[in-house]
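Each reported figure results from applying straightforward, stated rules to the coordinates on display, with no laboratory input. Please read all numbers here as calculations on a predicted model, not as lab measurements. Counting neighbours? That spans all protein chains shown, and the Cβs are built from the backbone with ideal geometry, glycine included.
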Amino acid sequence: MLQCINNMVFKKVYEIVCLIPKGKVMTYGQISELLSHSISARAVGWAMNCCPKKVPWHRVVNASGGISTKDLTDPPELQRFLLENEGIRFSEDGRISLGRYQFNPEKRAI
DNA sequence: CCATTGACGAAGA
DNA sequence: TTCTTCGCCAATG
């Protein structure tokens with residue numbers, strides 16, 4: 001189950017997520033695109049499902065700026081709490097403004 | 001090998 | 001704007 005951390009592509013995903021600064025977020029699809037679609041957005045989700053503890057998993061949201069966790073390992077409330085704790089504000093519908101918080105790393109950095 | 005299930009997302013209706 | 005449909009792909013039985 002947790003042998004995914006040995007997968008090279010998954011490692012790349014974790015590498016990228018670790019680059020996201022506090023108070024910023026990235027989407028599953030954005031990460032997929034950064035890796036030239038060598039991994040699908042869905043697979044990125046699976047990668048986050050079994051990511052190393054040190055990875056700031058809570059800074060990854062879906063393309064609509066919403067929380068996508070399904071309470072498998074951590075409840076959605078926790079992710080929201082962690083993000084709000086970093087200064088990110090949620091609107092009434094439980095979503096955030098990607099225009100404000102989305103992080104775009106330079107490809108060279110990967 | 002085949003079917004199903006998701007921390008996804010773009011395109012239509 | 002909300003709801004489907006479909007493609008995506010790793011993991012699981």
Would you calculate, for chain A, the mean residue ellipticity at 222 nm contributed by helices, counting each DSSP H stretch of 4 or more residues as -39,500 (n - 2.57) and dividing by all residues, to the nearest 500?
-10500 deg cm²/dmol
Which residues make up the longest stretch of chain A that has no trypsin sites (Lys or Arg not before Pro) in a DSSP loop with at most 14 other Cβ atoms within 10 Å?
A:23-52
Nearest-0.05 FRET efficiency for residue A:18 and residue A:92, computed from C-beta distance (R0 35 Å):
0.65
Between residue A:62 and residue A:49, what is the spin-label point distance in nm, taking each point 7 Å from the Cα along the Cα→C-beta axis?
1.5
Spacing of the two label points (7 Å from each Cα toward its C-beta) at residue A:8 and residue A:74, in nm:
2.9
Counting only residues 5 or more apart in sequence or on a different chain, those whose built amide H sits under 5 Å from that of residue A:102 are A:25
To make sure I understand the rule: partners must be lysines, Cα under 21 Å from the Cα of residue A:22, and not fewer than 8 residues away in the same chain. Which ones qualify?
A:11, A:12, A:53, A:54, A:107
Gain on full stretching of the segment that runs from residue A:37 to residue A:102 - 0.36 nm per residue minus C-alpha separation:
21.5 nm
